[in-house]
Amino acid sequence: QLNQDGRDITCLAVLSGGGVNESELRNAFLGLLHEAKVDAGLAEQRYWVAMKHLSESVLVRTVQSYGGDPWIRLFNPSVADYVLGQLRRSRLWSHYYSQLRSIGALSHFESLREGRQLTDADCLSVLRVVEERECGSTARFDAEGLRAIRVLVECGIRSDAIASRVRAWLSLKGSELSAYSNSDVFRLLGEAESVLDSSELRTSLDRLAGELSAADLPHGDQNVFRRALGVACEVQAATFAEWMKTAMMESWAAGIDTEVREGDILSGMYLEEHRAAARSAVHDFVAETFSELGVELSPSDIEAVVAQADIDGALERNLEVLMRDNEDLAGSAEYVSAGDDSSAAIDDLFQRGR
């Protein structure tokens, strides 16, 4: 039977996504006790007493071999289902989220919201405590702060405080923004139009165009890229839109062989006579991908990217794989054949022994 401290720590661990650094979990729990006006020394003692009771029954505490922060996870994933059920009844979501600001906790909140695990009213109460924390005097420029502001804006929360915080984030230099999640930065850019006026956003975007690099693009997330590009075009941030197009072309030109391989578009092509078809396939692949990104390339732009592809090398690798697979298949056939002969010999032996 868990006491209140044990239940609080378990709820915090579950809402952190089921796994959390101990320092984050401990600070969240101490934050709850601080709100309850509990003496700091007593609060610290209560944490360790509760953790001793929870260890190996509800939570598992793993000490990192490299001496980092211990990792806390649920002993049994079914604990999360039970806790979420309890929270749906108690509606204490905002009570716990008021102390949780880790990337894991914010990501888990997004998953719970998308899965309709919280009512709209409960979602709003959580978002309001996040807004109060991230837009107040204690607001910080860190990965967690960026994720929180992005979540607030995407969830439709609007206020002067949020607009001020978005403005503050977009006033950072590109080199400073580069330290954070590309996806979070560009998802925020894609929603900034809803909290800033067009001229202000246009000025911020066009300034960033000269400070960001191709490595800062949200690679691997076409929707985020397309949304940010669309907003840039809507507010007429032509410099930023052109930078996005050029930077993505540069990125693809540098990594075209990887894109082709991962796209598996040359499967079954390995002969010299396949070369023209392979080049055509790469051409269409580039054109279609950029079209999906919202970027219409000119024929010369497409050719500039395709020209960087090592098509001969790709065909040679395909041929090597084919030959290796055939050798493996031949070996398997010989093994089966040998097995059949052995079986026949054994059958023959028993037949002769009758």
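The set of residues in segment 196-241 being in contact (Cβ under 8 Å) with a residue 40 or more places away in the chain and assigned to a loop (DSSP other than H, G, I, E, B) consists of V235 alone.
Of the set (1) closer than 30 Å to L201 by Cα; (2) at pLDDT below 95, all apply to A238 but (2).
Residues that are surrounded by fewer than 20 Cβ atoms within 10 Å (Cβ to Cβ), of a type in the set (D, E, K, R) and either assigned to a helix (DSSP H, G or I) or in contact (Cβ under 8 Å) with a residue 60 or more places away in the chain (or both) within segment 23-45 comprise E35, E44, listed in sequence order. Within segment 1-22, being touching a residue at least 60 places away in the same chain (Cβ under 8 Å), farther than 18 Å from L112 by Cβ and touching a helix residue (DSSP H, G or I) at 6+ places or on another chain (Cβ under 7 Å) holds for one residue alone: D8. Take the conditions surrounded by fewer than 20 Cβ atoms within 10 Å (Cβ to Cβ) and under 25 Å from A228 (Cα atoms) and apply them to R133. Does it pass? Judged against the criteria, R133 is not a match. Among residues of segment 163-195 being of a type in the set (A, V, I, L, M) and surrounded by fewer than 18 Cβ atoms within 10 Å (Cβ to Cβ), the one that is farthest from A237 (Cα to Cα) is A179.
Would you mind telling me which numbered condition in (1) among the small types (G, A, S); (2) at positive phi; (3) surrounded by fewer than 14 Cβ atoms within 10 Å (Cβ to Cβ) S78 fails? Condition not satisfied by S78: (2). If we scan segment 167-178, do we find a residue that is part of a helix (DSSP H, G or I) and closer than 26 Å to R116 by Cβ? For segment 167-178, residues part of a helix (DSSP H, G or I) and closer than 26 Å to R116 by Cβ: absent. Please determine whether any residue of segment 63-74 is farther than 24 Å from V126 by Cα, of a type in the set (D, E, K, R) and within 24 Å of the chain's Cα centre (by Cα). Within segment 63-74, one or more residues are farther than 24 Å from V126 by Cα, of a type in the set (D, E, K, R) and within 24 Å of the chain's Cα centre (by Cα). Within segment 264-318, the set of residues being under 29 Å from the mean Cα position of the chain (by Cα), of a type in the set (D, E, K, R) and in a helix (DSSP H, G or I) comprises D284, E288, E292.
Checked against (1) modelled with pLDDT of 95 or more; (2) surrounded by 16 or more Cβ atoms within 10 Å (Cβ to Cβ), S251 passes all but a single condition, namely (1).
The values are calculated or read from the model by the stated rules, or taken from the named source; none is laboratory data. Source: prediction; values computed, not measured. Glycine also receives a Cβ, built like all others from the backbone with ideal geometry; neighbour counts cover every protein chain displayed.
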